[in-house]
Amino acid sequence: MDLGKTVFAQLMDFLAIYEFHKCVQRYNGQYKVKRFSCWTQFLCMAFAQLTYRESLRDIEACLRSGQRKLYHMGFRGKVSRNTLAHANQVRDWRIYADFAQILIAQARRLYANDSFGVDLDQTAYALDSTTIDLCLSMFAWAPFRSTKAAIKLHTLLDLRGSIPSFIFISDGKLHDVNILDQLTPEAGAFYVMDRGYYDFERLACFHDAGSFFVIRAKSNLKAQRRYSHAVDRSTGLICDQTVVLTVFYSKKGFETPLRRIRFRDPETGKRLVFLTNNFALPALTITQLYRLRWRVELFFKWIKQHLRIKAFFGTNENAVKSQVWIAISVYVLVAIIKKRLNLSASLYELLQILSLTMFERTPLDQLLTLTPEEPEMLENAKQMNLFK
């Protein structure tokens, strides 16, 4: 690695620029562009994510403070807030969405053999959404309530490495269950969902594709028990049953038998009922899979706290989606670097270090390797006593 490169340039070396240019050509992103390229726009927005910039003026001022280093960091041309704002508004957001998917594919290959807490060979996904509130007068294209706007970030999270494998950005009114139509079921994979995705006709598509789902049942579920399996009640399991749906439209949507598992959480005492089309795994493993669904909630909490996806640099739909996809790209990039450099630090610790060192020239492997704290040089008994 070139020791003369800045930390930011070393980070960008992990990106396949030729793949980015393919995405640009696919959507004709360089049409009538002379100076401020799509790649420079991506670098500016990635820099903003890594250094926690709050506004376009903030980005401009911070980059101009290191003007002499910008060329060696990959920036070509003068960085202006007006030029960046215009690029965010008109450059097709699908360029950055496609590039993020390329990074996601790389990250998933790196984390493919990681354990995620359950002894399972198949891939397991957690599906959920989070809402980001917006101002209705400024984001009228994203209606939510009568007095405010919002966007929804629908995410399918690969539990190995907590890498988002599918992301869909919609307005706040789109119901979660409609996202099942956007997914292509993967044969043999497990999809863990909450009650917002309770639709038997759509779940039947996953069953027909050879994939498995684990979903929490609603309290008004009408089903007839066909068979009861033995369970160990000391583990919290109450029953493990084979059932068939009895309501006309539900049965019409999903005609095959389902597995119903009742479980009492030993920690909270709360009783939960799960439905799944998998009859091979132990019942306790099914409950453990659903417990891991909370990782997608932690993912949403993490990116809202540590990435810029709540305050946007532009107000139109294209600018918002571009910023979200570039933020996801930065998250996945840091995850790739963590794996390739075999770093023990968490993503939070890595981002905190990087936010303060973008213009430095320290090699990444040295900068991001956390060393244990040094012991105190002097023991208390050997310190000078001024009041002897």
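The values are calculated or read from the model by the stated rules, or taken from the named source; none is laboratory data. Bear in mind the structure is a predicted one, so any value in this text is a computation, not a measurement. Cβ placement follows ideal geometry from the backbone for every residue including glycine, while neighbour counts extend to all protein chains displayed. Just so you know, the surface numbers come from the protein's heavy atoms only, side chains and all, with ligands and any DNA or RNA stripped out. Shrake-Rupley method; radii C 1.70, N 1.55, O 1.52, S 1.80 Å.
Quick look at the values:
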{"read-out": "Residue list for segment 214-235, restricted to those being touching a Ser or Thr at 6+ places or on another chain (Cβ under 6 Å) and exposed (fewer than 15 other Cβ atoms within 10 Å of the Cβ)", "value": "LYS222, GLN224, ARG226, TYR227"}
{"read-out": "Residues located in segment 119-134, provided they are within 30 Å of PHE206 (Cα to Cα), open to solvent by 20 Å² or more (accessible area, probe 1.4 Å) and out of contact with any Ser or Thr (no Cβ under 8 Å at 6 or more places or on another chain)", "value": "ASP121, GLN122, THR123, THR131"}
{"read-out": "Segment 353-365 residues that are under 16 Å from PHE47 (Cβ atoms), paired with ones that are charged (D, E, K, R) (beta carbon under 8 Å, 6 or more apart)", "value": "PHE359/LYS69"}
{"read-out": "Complete set of residues in segment 225-263 that are in contact with a Pro (Cβ under 9 Å, 6 or more places away or on another chain) and among the polar types (S, T, N, Q)", "value": "THR235, THR242"}
{"read-out": "Test: residue in segment 36-50 that is aromatic (Phe, Trp, Tyr), open to solvent by less than 70 Å² (accessible area, probe 1.4 Å) and modelled with pLDDT under 90", "value": "yes"}
{"read-out": "Considering residues of segment 57-81 that are touching a residue at least 24 places away in the same chain (Cβ under 8 Å) and in a helix (DSSP H, G or I) only, the residue most open to solvent (accessible area, probe 1.4 Å)", "value": "ARG57"}
{"read-out": "Search result, residues across segment 135-149 that are assigned to a strand (DSSP E or B) and either farther than 22 Å from LYS310 by Cβ or open to solvent by less than 20 Å² (accessible area, probe 1.4 Å) (or both)", "value": "ALA149"}
{"read-out": "Single match in ALA61, ALA16, ALA87, ALA48 (criterion: over 30 Å from SER165 (Cβ atoms) and among the aliphatic types (A, V, I, L, M))", "value": "ALA61"}
{"read-out": "Among (1) part of a loop (DSSP other than H, G, I, E, B); (2) over 20 Å from the mean Cα position of the chain (by Cα); (3) at pLDDT 90 or above; (4) over 21 Å from LEU284 (Cβ atoms) - the single one ASN220 does not satisfy", "value": "(3)"}
{"read-out": "Selection from segment 160-201 of residues that are surrounded by fewer than 18 Cβ atoms within 10 Å (Cβ to Cβ), more than 17 Å from the chain's Cα centre (by Cα) and outside any loop (DSSP other than H, G, I, E, B)", "value": "ASP171, VAL177, ASN178, ASP181, ARG195, GLY196, GLU201"}
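Conditions (1) open to solvent by 40 Å² or more (accessible area, probe 1.4 Å); (2) closer than 29 Å to GLY188 by Cβ; (3) over 33 Å from the mean Cα position of the chain (by Cα), marked per residue:
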| residue | (1), (2), (3) |
| --- | --- |
| LEU237 | no, yes, no |
| SER250 | no, yes, no |
| ARG271 | yes, no, no |
| THR276 | no, yes, no |
| ALA280 | yes, yes, no |
| LYS304 | yes, no, no |
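Okay, residues lined up against (1) touching a Gly at 6+ places or on another chain (Cβ under 6 Å); (2) under 25 Å from LEU351 (Cα atoms); (3) not acidic (Asp, Glu):
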| position | (1), (2), (3) |
| --- | --- |
| MET45 | no, yes, yes |
| GLU60 | no, yes, no |
| ARG91 | yes, no, yes |
| ARG109 | no, yes, yes |
| ASN113 | no, yes, yes |
| LEU120 | no, no, yes |
